[in-house]
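Asks: My questions will all concern the structure given below.
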Amino acid sequence: VQLQASGGGLVQPGGSLRLSCAASGGPFRQLSAAWFRQAPGKEREFVAAIRYSGTTAYADSVKGRFSISRDNAKNTVDLQMNSLNAEDTAVYYCAAGSRIILSELRSQRAYDYWGQGTQVTVSS
């Protein structure tokens, strides 16, 4: 499975962005998918995930501001990001994997496939 992330860019504090991850080469509808991010000088961290069943999970830092969704017909998973602030500045990566149980959704090690990352910069 190949993943291609897009939609990053520069946005002012309080603004919104929508990231999209397009999957190809495999049965996407059977996979769980997630977004992770890595800020400069920091480790990569979990942002949001959605299981093949539609169950979602969010990091506390983005809960209520970000929303993850998927379109199995289009093989895409999107991340709608609202009320962005400087702490959201990072490279955002999409990931996918199979047979991921609920307790593993936040773990990078559970995901087999990774996209190339897209830069999100929140600055005035």
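Asks: Quote to one decimal, in nm, the extra length available between Leu10 and Ser123 on full extension: 0.36 nm per residue of separation minus the C-alpha distance between them.
Replies: Full-extension gain reported as 40.0 nm.
Asks: What dipole magnitude, in Debye to the nearest 20, does the chain give about its Cα centre under +1 on Lys/Arg Cβ and -1 on Asp/Glu Cβ?
Replies: Using only the charged Cβ atoms, the result is roughly 240 debye.
Asks: Provide the FRET efficiency to the nearest 0.05 for the Glu87-Gln30 pair, computing r from the beta carbons and using R0 = 35 Å.
Replies: 0.55
Asks: How do the peptides 9-22, 94-107 rank, highest first, by the average count of neighbouring beta carbon atoms within 10 Å per residue?
Replies: 94-107, 9-22
Asks: Same structure, new question: Quick one: with all protein chains in place, what share of the accessible area of region 27-72 is carbon or sulfur, to the nearest percent (1.4 Å probe)?
Replies: Ligands and nucleic acids excluded, carbon and sulfur reach 43 percent.
Asks: Got a sec? Which residues in region 90-105 would a label at Ser61 touch, if it sits 7 Å along Cα→Cβ and we count backbone N under 11 Å?
Replies: Within reach of a label on Ser61: 90-91.
Asks: Expressed as a whole number of Å, what is the distance separating the alpha-carbon centroids of region 76-114 and region 5-65?
Replies: 4
Asks: Something else: Report the antiparallel proportion of the DSSP beta bridges in the chain as a percent, rounded to a multiple of 5.
Replies: 90
Asks: Working out 0.36 nm times the residue gap between Arg109 and Glu43, then minus their Cα-Cα distance, what length gain in nm do you get to one decimal?
Replies: Here the answer is 22.4 nm.
Asks: Here's a follow-up. Send over a whole-number figure in Å² for the accessible area per residue of region 23-124, probe 1.4 Å.
Replies: Ligands and nucleic acids excluded, the result is 51 Å² per residue.
Asks: What percent does the relative contact order of the chain come to when contacts are Cα pairs within less than 8 Å and at least six residues apart?
Replies: 36
The values are calculated or read from the model by the stated rules, or taken from the named source; none is laboratory data. Remember, predicted model here, so these are calculated numbers, not experimental data. Glycine also receives a Cβ, built like all others from the backbone with ideal geometry; neighbour counts cover every protein chain displayed. We work out accessible area using only protein heavy atoms, side chains counted, and drop any ligands, DNA or RNA first. Shrake-Rupley method; radii C 1.70, N 1.55, O 1.52, S 1.80 Å.
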